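To start, the structure under review is shown below, and the notes come after it.
The values are calculated or read from the model by the stated rules, or taken from the named source; none is laboratory data. Bear in mind that the values here come from a model prediction, so they are computed numbers and not experimental data. Cβ atoms come from the backbone with ideal geometry, glycine included; neighbour counts cover every protein chain shown. In case anyone asks, the SASA skips ligands and DNA or RNA and just uses the protein heavy atoms, side chains included. Shrake-Rupley method; radii C 1.70, N 1.55, O 1.52, S 1.80 Å.
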Amino acid sequence: SKPVVEAIEIELKRACPAIQIEDLKSIKRLLVLSAKYSKLKSSDFDGLVRLEVLNLSRNDITNLGPEPFSKLPNLRALFLHGNKINSIEPKAFDALINLEQIWLTGNLLTTLPKDLFKANVALKEVNLAENKLTVFNPSYIGLVSKALVRLNLFGNELIEFEPSILSSRGKELT
């Protein structure tokens with residue numbers, strides 16, 4: 001029988017192997033690294049119904065809206081570190097109901113929309129290190145998901161931090 005393609009990794013200056021449309025249904029991991037990828041479109045991830053890990057690190061992405069992620073309900077990990085993200089639309093991650101881990105490190109974020117991660121009830125780790133955040137409020141992450149165990153804010157310029165974000169549930173904060 002034909003081997004099943006479960007992962008595709010694309011880096012700058014590397015050729016992408018020929019992929020058939022039917023192969024997209026079985027892909028669980030997609031890595032597009034250092035590829036100068038700048039604008040996410042709603043059709044970019046069509047057909048990737050089983051995708052669990054999406055790594056778009058070290059590209060040139062500046063804005064995140066909800067459309068590109070709207071058809072990825074099985075996504076568990078989203079890595080967007082090392083881009084140029086300076087704005088995220090309020091419902092950007094709402095369709096990602098199984099999201100457990102998101103890395104937005106090393107971007108240009110100065111603020112986050114209220115309730116950005118409210119729909120992500122399975123979220124365990126949020127990494128916002130090395131941005132330009134000056135204020136962090138629990139409303140940014142939907143008053144802290146009960147599943148959340150790790151929040152990384154290292155390397156930001158925080159001047160205001162709401163202490164209620166640290167509950168008695170043993171959260172790790174860096």
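Wholly within region 67-157, which strands (runs of 3 or more DSSP E) include no fewer than the required count, namely at least 3 residues that are out of contact with any helix residue (DSSP H, G or I) (no Cβ under 6 Å at 6 or more places or on another chain), modelled with pLDDT of 90 or more and closer than 18 Å to L30 by Cα?
Values: elements: 77-79, 101-103, 125-127, 150-152.
Result: 77-79, 101-103.
The residue that is farthest from F69 (Cα to Cα), counting only those in region 125-141 that are touching a Lys or Arg at 6+ places or on another chain (Cβ under 9 Å) and crowded, with 16+ Cβ neighbours inside 10 Å, is S139. With respect to (1) acidic (D, E); (2) open to solvent by less than 60 Å² (accessible area, probe 1.4 Å); (3) at pLDDT 85 or above, the lone exception for E52 is condition (2).
Return yes or no: is K171 modelled with pLDDT under 90, open to solvent by 30 Å² or more (accessible area, probe 1.4 Å) and in contact with a strand residue (DSSP E or B) (Cβ under 7 Å, 6 or more places away or on another chain)?
Numbers: modelled with pLDDT under 90: yes; open to solvent by 30 Å² or more (accessible area, probe 1.4 Å): yes; in contact with a strand residue (DSSP E or B) (Cβ under 7 Å, 6 or more places away or on another chain): yes.
Here the answer is yes, as K171 does meet what is asked.
Can you tell me which of T105, T111 is touching a residue at least 40 places away in the same chain (Cβ under 8 Å), under 24 Å from S38 (Cβ atoms), crowded, with 16+ Cβ neighbours inside 10 Å and of a type in the set (V, I, T)? Of the residues listed, the single one that is touching a residue at least 40 places away in the same chain (Cβ under 8 Å), under 24 Å from S38 (Cβ atoms), crowded, with 16+ Cβ neighbours inside 10 Å and of a type in the set (V, I, T) is T105.
Of the residues L30, L48, the single one that is touching a residue at least 24 places away in the same chain (Cβ under 8 Å) and not in a loop (DSSP other than H, G, I, E, B) is L30.
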